[in-house]
1. Among what's in segment 141-163 and is closer than 14 Å to residue 107 by Cα and at pLDDT 90 or above, pick the residue that is surrounded by the fewest Cβ atoms within 10 Å (Cβ to Cβ).
2. Testing residue 121 on (1) in contact with a strand residue (DSSP E or B) (Cβ under 7 Å, 6 or more places away or on another chain); (2) over 22 Å from residue 12 (Cα atoms), one condition comes back false. Which one is that?
3. Of the conditions (1) farther than 26 Å from residue 8 by Cβ; (2) in a helix (DSSP H, G or I), residue 144 fails just one. Which one is it?
4. Just to be sure I understand, how many residues within segment 120-133 are within 12 Å of the chain's Cα centre (by Cα), touching a residue at least 24 places away in the same chain (Cβ under 8 Å) and farther than 13 Å from residue 104 by Cα?
5. Checking residue 171 against (1) part of a helix (DSSP H, G or I); (2) closer than 23 Å to residue 16 by Cα, which test does it fail?
6. Answer with yes or no whether residue 29 is in the same structural domain as residue 142 (by TED's automatic domain parsing) and modelled with pLDDT of 80 or more.
7. Considering each of 55, 77 in turn, give the residue that is in a helix (DSSP H, G or I), at pLDDT below 85 and in the same structural domain as residue 121 (by TED's automatic domain parsing).
8. Among the residues of segment 6-23, write down those that are more than 20 Å from residue 120 (Cα to Cα) and either within 27 Å of the chain's Cα centre (by Cα) or exposed (fewer than 11 other Cβ atoms within 10 Å of the Cβ) (or both).
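The values are calculated or read from the model by the stated rules, or taken from the named source; none is laboratory data. Keep in mind that what you see is a predicted model, and the values were worked out from it rather than measured. Counting neighbours? That spans all protein chains shown, and the Cβs are built from the backbone with ideal geometry, glycine included.
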């Protein structure tokens with residue numbers, strides 16, 4: 001695959017990506033990561049982000065995410081009051097399910113997050129799931145939840161490992177397999193700051 005300066009790329013084996021600054025032959029390039037660092041990397045560890053998918057990944061601003069979180073809280077209060085599972089559109093399916101006021105349950109199965117993911121590459125699917133997970137984790141911390149259940153499924157274990165890599169970056173967060181009687185082996189239980 002040929003990369004050009006200005007191309008947006010994602011890392012194959014890590015979360016994140018960046019913008020290509022300079023290409024050195026066919027096998028190395030210099031990029032500015034999403035975190036703002038410049039680095040020289042081999043091209044074999046990168047995939048090109050399609051511009052249409054890139055726009056879709058960044059379509060929600062922080063302001064809209066805050067509005068969505070407020071909607072989530074309102075829907076949660078209504079759900080508890082009515083004891084009925086709200087049916088809704090594709091955006092509502094991504095709303096975290098809450099077991100109780102101090103626990104957030106998040107399902108990362110793509111069928112729950114997107115109407116159609118057939119045109120996405122495996123790397124783009126994984127990146128979308130991880131970005132969604134990080135937003136929900138930050139929401140849970142901001143809302144002072146004590147516990148979070150992350151449903152990632154079993155599969156080949158790639159999503160599970162990526163979720164746990166993200167969690168390892170957070171100080172004062174502990175995690176382990178969730179209750180196998182309830183979730184099988186496809187979920188991780190997270191204890192958030194202040195809960196242990």
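1. My answer is 151.
2. (2)
3. Answer for residue 144: the failing condition is (2).
4. Within segment 120-133, the subset within 12 Å of the chain's Cα centre (by Cα) is 124-133.
Still in the list and also touching a residue at least 24 places away in the same chain (Cβ under 8 Å): 124, 126-133.
Those left that are additionally farther than 13 Å from residue 104 by Cα: 124, 126-132.
Number of matching residues: 8.
5. (1)
6. Working: in the same structural domain as residue 142 (by TED's automatic domain parsing): no; modelled with pLDDT of 80 or more: yes.
Here the answer is no, as residue 29 does not meet what is asked.
7. Going through 55, 77 in turn, just one is in a helix (DSSP H, G or I), at pLDDT below 85 and in the same structural domain as residue 121 (by TED's automatic domain parsing): 77.
8. Residues of segment 6-23 more than 20 Å from residue 120 (Cα to Cα): 6, 20-23.
Answer for segment 6-23, where residues must be more than 20 Å from residue 120 (Cα to Cα) and either within 27 Å of the chain's Cα centre (by Cα) or exposed (fewer than 11 other Cβ atoms within 10 Å of the Cβ) (or both): 6, 20, 21.
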